[in-house]
1. Looking only at the range 59-71, how many residues end up being at pLDDT 95 or above, surrounded by 16 or more Cβ atoms within 10 Å (Cβ to Cβ) and polar (S, T, N, Q)?
2. With respect to GLU77, is the statement that it is closer than 19 Å to ASN15 by Cα, open to solvent by less than 70 Å² (accessible area, probe 1.4 Å), at pLDDT 95 or above and of a type in the set (Asp, Glu) true?
3. Out of (1) open to solvent by 70 Å² or more (accessible area, probe 1.4 Å); (2) in contact with an Asp or Glu (Cβ under 9 Å, 6 or more places away or on another chain); (3) modelled with pLDDT of 95 or more; (4) over 26 Å from SER42 (Cβ atoms), what's the single condition that is false for GLY99?
4. Residues to consider are ALA138, ALA126, ALA113; find the one that is touching a residue at least 40 places away in the same chain (Cβ under 8 Å) and either of a type in the set (A, V, I, L, M, F, W, C) or open to solvent by 60 Å² or more (accessible area, probe 1.4 Å) (or both).
Amino acid sequence: SATGLGAFKARAGANHVVKARGVKFAPMFVYVEPGDQVSWESMASHNVETVEPLVPEGQVKINSELGENYFTTFETEGIVVYKCTPHWGNRMGGIIVVGKPENPEAIIEEYLALTDMDEHKGALPARGLLKKLKKDMADKGLV
């Protein structure tokens with residue numbers, strides 16, 4: 001029905017903007033619904049890359065071109081950790097929470113455990129982000 005399609009169109013296409021400011025993404029955490037788009041702007045000298053293995057199963061890997069604004073649509077419910085590859089040593093990263101993941105606290109704990117494994121040493125800078133996310137979700141009553 002036209003009403004159904006109209007309702008879908010009104011919901012689809014919600015766009016959330018993240019700006020690179022110095023060596024930080026603002027906002028650091030973005031809460032979206034499946035089907036929403038996230039756009040990264042002011043990306044001179046930055047990129048967006050998902051941090052393996054800190055993404056939900058089925059999440060398409062992201063690795064944008066350095067210095068280019070980027071956008072993508074998130075369909076898979078869960079918690080997606082991303083970084084700016086050249087500034088990951090400065091802890092430049094962010095997290096997208098898609099939908100209402102079941103037991104987000106358990107996901108965060110699992111991600112923290114993964115960062116402790118030798119094969120995932122590259123994910124280690126995500127620890128601070130994950131701890132801040134847990135607090136942010138608690139402040140919002142989501143955990």
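1. Here the count works out to 2.
2. On the way: closer than 19 Å to ASN15 by Cα: yes; open to solvent by less than 70 Å² (accessible area, probe 1.4 Å): no; at pLDDT 95 or above: yes; of a type in the set (Asp, Glu): yes.
No; evaluated as a whole, the condition is false for this residue.
3. The one condition GLY99 does not meet is (1).
4. Values: ALA138 fails: touching a residue at least 40 places away in the same chain (Cβ under 8 Å); ALA113 fails: touching a residue at least 40 places away in the same chain (Cβ under 8 Å).
Exactly one residue qualifies, and that residue is ALA126.
The values are calculated or read from the model by the stated rules, or taken from the named source; none is laboratory data. The structure presented is a predicted model; accordingly, all values stated were derived computationally and were not measured. Here Cβ is always computed from backbone atoms with ideal geometry, including for glycine, and neighbour counts include all displayed protein chains. Heavy atoms of the whole protein, side chains included, go into the accessibility calculation; ligands, DNA and RNA do not. Shrake-Rupley method; radii C 1.70, N 1.55, O 1.52, S 1.80 Å.
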